Amino acid sequence: MPIVHLNGKNLPAEEACVPVLDRGFIFGDGVYEVIPVFGGRPFRLSEHLQRLENSLDEVRIPNPHSRAQWAALIQDLIDANGGGDQSLYLQVTRGQAPRDHALPENPAPTVFAMSNPLKPPADEILEQGIKAITLDDIRWTRCHIKATSLLPNILLRQTALDAGAAEAILIRDGYATEGAASNLFVVLDGQLTTPPKGPRLLPGITRDVILELAAAHGIPHREADVRREDLAAADEIWVTSSTKEILPVTTLDDAAVGNGKPGPVFKKMYALYQANKAALRAG
Ligand code: PDD
C-alpha cells in the first residue's frame, strides 16, 4: 500500500480522506506539480517549487509551506515509499468551505501528495515513436498555471486515444501550443524549435532541461512560434514531460513525420537526457 501525505501526515493511501466540501472536489479549485524522482532524489526540485509558487500566486491560494518545509515533506514521502525512481504528485487546493464561487476569506489549503511508479517509455516506443493527432486547443487562456481542473486536457487526450494516437497536439489560432499533457518540440529548418513560454502553454521543466542540454551541446535551437503548417514540414516532432521524458512523434494525423522513424536530433537529445539522469542518480 503506497504511503501518501495529507495535511502534515504520512499515512496509507486507503486511510487518506478529504472532506466533500473541499473546493478541490467541488470546483477543481487547486494547483499541482508532478516531480520525477531518480535514485531517491527529486529532479529539479527548486524549479518545480518555483512553478508551484507561481501557480498558487496566480490563483490566489496562500502557499501553506516554506521552501524548506516543502523539501522536507517531499523527501519524507519519497523515503516512505522506498526511494529509487518515483513520480511524485503534489496538489494544493483552496480547502474546505461552503460552496460559493467567491473565495473564502481565510482559506485553509489542503495539501496532498502521493508517489506513483515512474516507468520510462518502453524501448519499443522509443524505437518506433508514437502517433499523435492535432486538435483545437479547447482550454482556457491561462495554460501557464498548473491547475488541477484538467477536464479539457482529459477530453483531448481521450479523443487522441480514441483515434488510435497517444497524444494530442493542440492548435490555437493557427499555432501549435503543446500536447494535452506535454510540451512540443519540432526540428524545423535544422533547428530544434519549441513555442515560447506564455499563457498558451505550461512552462515545462523537461522543456527547460532540453533547451539547456541543446545549448550545452551545440544543438541549434530556438524558442519560436510553430505554425500548424510547420508541423507538416517538420523533420522531427517530439512531446516532452516529467513522466514521459522525450517521445518522438513519428506519425501525425496519419502522415509520417520526416522518414517516419525517430530522427537523429531525438537520438542525440535522448542520450543526453539519460546521461543527465544517470549523473543525478550518482549524486
Ligand atoms: N503534465 N504541458 C502540459 C499541459 C502538461 O500537463 C505537462 C506535464 C507538461 C510538461 O511539463 P513538465 O515537463 O514539467 O512535466 C506540459 C504532468 C506530467 C501531468 O499532468 O501528469
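Close Cβ contacts (under 9 Å, 6 or more residues apart or on different chains) running from residues in segment 174-192 that are farther than 14 Å from R228 by Cβ to residues that are among the acidic types (D, E) and within 11 Å of the ligand (Cβ to nearest atom) comprise G179/E167; A180/E167; A181/E167; S182/E167.
Per-residue answers, yes or no, for (1) more than 19 Å from L151 (Cβ to Cβ); (2) out of contact with any Cys (no Cβ under 6 Å at 6 or more places or on another chain); (3) among the small types (G, A, S); (4) not assigned by TED's automatic domain parsing to the domain that holds K146:
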| site | (1), (2), (3), (4) |
| --- | --- |
| N10 | yes, yes, no, yes |
| C17 | yes, yes, no, yes |
| F25 | no, yes, no, yes |
| G28 | no, yes, yes, yes |
| F43 | yes, yes, no, yes |
| L49 | yes, yes, no, yes |
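For D225, the conditions (1) open to solvent by 60 Å² or more (accessible area, probe 1.4 Å); (2) under 22 Å from Y273 (Cα atoms) are fulfilled apart from (2). Of all residues in segment 147-160 being assigned to a helix (DSSP H, G or I) and either within 18 Å of D22 (Cβ to Cβ) or open to solvent by less than 80 Å² (accessible area, probe 1.4 Å) (or both), which is nearest to the ligand (Cβ to nearest atom)? Among those that are assigned to a helix (DSSP H, G or I) and either within 18 Å of D22 (Cβ to Cβ) or open to solvent by less than 80 Å² (accessible area, probe 1.4 Å) (or both), it is N153. Against the numbered list (1) in the same structural domain as I35 (by TED's automatic domain parsing); (2) in contact with a strand residue (DSSP E or B) (Cβ under 9 Å, 6 or more places away or on another chain); (3) over 20 Å from K244 (Cα atoms), R99 comes up short only at (2). For segment 161-171, what are the residues that are more than 13 Å from the ligand (Cβ to nearest atom) and in contact (Cβ under 8 Å) with a residue 24 or more places away in the chain? Once the filter is applied, which keeps residues that are more than 13 Å from the ligand (Cβ to nearest atom) and in contact (Cβ under 8 Å) with a residue 24 or more places away in the chain, segment 161-171 yields A163, G164, A165, A166, I171.
The values are calculated or read from the model by the stated rules, or taken from the named source; none is laboratory data. Computed from a prediction, not measured in an experiment: that's the story for all the values here. Heads up, the Cβs are rebuilt from the backbone with ideal geometry, glycines too, and the neighbour counts pull from every protein chain shown. Areas reflect the complete protein model, heavy atoms only, side chains present, ligands, DNA and RNA absent. Shrake-Rupley method; radii C 1.70, N 1.55, O 1.52, S 1.80 Å.
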